[in-house]
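The structure appears right after this line, and notes come after that.
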Amino acid sequence: MQETIIQAILKAQSSQVKAILATIIRTEGSTPRDSGTQMLVMDTSQTIGTIGGGAAEKLITDKALALLTADREVIAEIHHQAINQATQTDEFSVCGAAMDVLLEPVQDKPFWQFVQDLQKSGKDAMLLTSLLPPYSRSILDSDGNLLFGQPQKELLFSAKKRQEILSGKPAEVIGNSEENRWFVEPLLKTERLLILGAGHVAREVAFYAKALDFQVTVIDDRATFALPEFFTGAHSVICGDFATEIKNYQPNCDTYVVIATRSHPTDAECLKEILNFRTKYVGMLGSTKKITAIVNYLQEKGYTSQSLARLKAPIGLDIQAQTPSEIAISILAEIISVKRSLSSTQ
């Protein structure tokens, strides 16, 4: 479950807006989005997230709005939506696809507040939803212990299965009968993007990264550059010595790092410090000549070829980018590629 969806649920509840969470729990054939994809539909007609777009999504949205505006208590239900010529207007639509979507009202604020607090803590956890009325929800830890919600009687699954779920594999339905089925999804940890340097490219990377659900932190040692007003979507903008602030930040296995400082020496300083941490990605802006010089310098300092092989440089996918915005998009495209390839091989 994504952080943006959790935040939107809590915001809706705080403003007393009624909302339904639409979750794809099963797909058949070629569908635009996978199982576990979610969209929040509010009685204001606003939606957060997407389950694939097009006419099929509109039908799901209309169904959710009908439930929200009905003159009765809203109860959860599973809606089967075909994706064919009846729901797609273009002549190239794929016939035979379908998805089952769980539509559930989000009424239990303490539950969702617990989910948000747990996600911020960085602890591994799973969300389970019974696929039988009343579609009760539970939160389990990595050992299968109940943390919050309703006990799920008859639920048994192995430590191996729990580890598969927590590794970030797609959400799935478990259980082998119509009487005992649960939809299980990992509580995804907040993925962090650390940008070292606060120049023009850094500003653009931070701007686009916010829409990709990264928690963005920017560090620069220049007070005239490390200004929050230059990075309105950033979680934190820090002015200070690079090495010191990197240590304070503590990059981890949920961190992606972009090095784009003002000079060769500060780039080298940042890379030397970052290589002491196990991050998901580290990329550095600069020419091949500059990168070679920095890598050679670090090798002389004792850094191994294996350690330096983690560096993505020149940074970004080769799309002939020139402007700061184009370079930022190429960088984030590479990060997305790394992110997706990691989740598919875990």
On the principal axes of its Cα set, how long, how wide and how thick is the range 192-345? Give whole Å, largest value first.
40, 37, 30
Determine, at each q value in 0.13, 0.16, 0.20 (inverse angstroms), the log₁₀ of I(q)/I(0) that the Debye formula gives when each Cα of the range 110-186 is one equal point scatterer.
-0.35, -0.54, -0.86
Viscosity 1.567 mPa s, temperature 4 °C: what is the translational diffusion coefficient of the range 207-293 from Stokes-Einstein with a Kirkwood Rh over Cα pairs, rounded to a whole number of µm²/s?
95
Each label sits 7 Å from Cα toward the beta-carbon; between A333 and L156 the label points are separated, in nm, by 5.1
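Counting other Cβ atoms within 10 Å of each Cβ, which trypsin sites (Lys or Arg not before Pro) in the range 132-191 have at most 10 and sit in a DSSP loop?
Working: sites: R137, K153, K160, K161, R162, R181, K189; in loops: K153, K189.
Filter output for the range 132-191: K153.
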Around G240, which amide H atoms from residues at least 5 apart in sequence, or from another chain, sit under 5 Å from its own amide H, with H modelled in the peptide plane?
D220, D221, R222
Could you bin all the Cα-Cα distances of the range 1-42 into 10 Å bins starting at 0 and give me the percent of pairs in each, rounded to whole numbers?
27, 46, 22, 5
Testing the spin-label approximation: label points 7 Å from Cα along Cα→Cβ at K109 and H200. State their distance in nm.
4.7
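Let's test the formula: R0 of 25 Å, r as the Cβ-Cβ distance of H79 and T4. What FRET efficiency results, to the nearest 0.05? Let's see the in-between values first.
Numbers: r = 23 Å, r/R0 = 0.91.
According to the calculation, E is roughly 0.65.
Per the Kirkwood definition applied to all pairs of different Cα atoms, how many angstroms is the hydrodynamic radius of the chain?
Numbers: mean 1/r = 0.0449 Å⁻¹.
One decimal place: 22.3 Å for the Kirkwood radius.
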Between D71, D318, D254, where does the largest GNM mean-square fluctuation fall for the chain, given springs only between Cα atoms within less than 10 Å?
D71
The simple spin-label model distance between E300 and E164, using points 7 Å out along Cα→Cβ, in nm, is 5.2
For n ≥ 4 DSSP H runs only, could you compute -39500 (n - 2.57) per run for the chain, divide by its residues and tell me the 222 nm figure to the nearest 500?
-10500 deg cm²/dmol
Take the alpha-carbon centre of the range 251-307, take the same for the range 105-125, and report the distance between them in whole Å.
36
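Less than 12 Å Cβ to Cβ from L308, Lys/Arg counted +1 and Asp/Glu -1: what total charge do the surrounding residues give?
Neighbour charge sum, excluding L308 itself: +3.
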Using just the Cα positions, wrap the range 1-145 in a convex hull and report its mean projected area in square nanometres, one decimal place.
9.4
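Whats the longest run of the chain with zero GluC sites (Glu not before Pro) that are DSSP loop and have at most 15 other Cβ atoms within 10 Å?
Working: sites that count: E73, E91, E154, E178, E179.
It works out to 180-346.
Please report the net charge: other residues with Cβ closer than 15 Å to the Cβ of A198, K and R +1, D and E -1. List each step's numbers first, then the result.
Working: positive: R203, R222, R262; negative: E204, D220, D221, E229, D241, E245, D267.
Surrounding charge for A198 is -4.
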In whole Hz and in residue order, list the ³J(HN,Hα) couplings for the range 73-82 that follow from phi through the Karplus curve 6.51 cos²θ - 1.76 cosθ + 1.60, θ = phi - 60°; x for Gly and Pro.
5, 7, 10, 5, 7, 9, 10, 8, 10, 6
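Coordinate-derived values only; no laboratory data. All of these numbers come straight from a predicted model, not from anything done at the bench. As a convention, Cβ positions derive from the backbone with ideal geometry for all residues, glycine included, and neighbour counts pool all protein chains shown.
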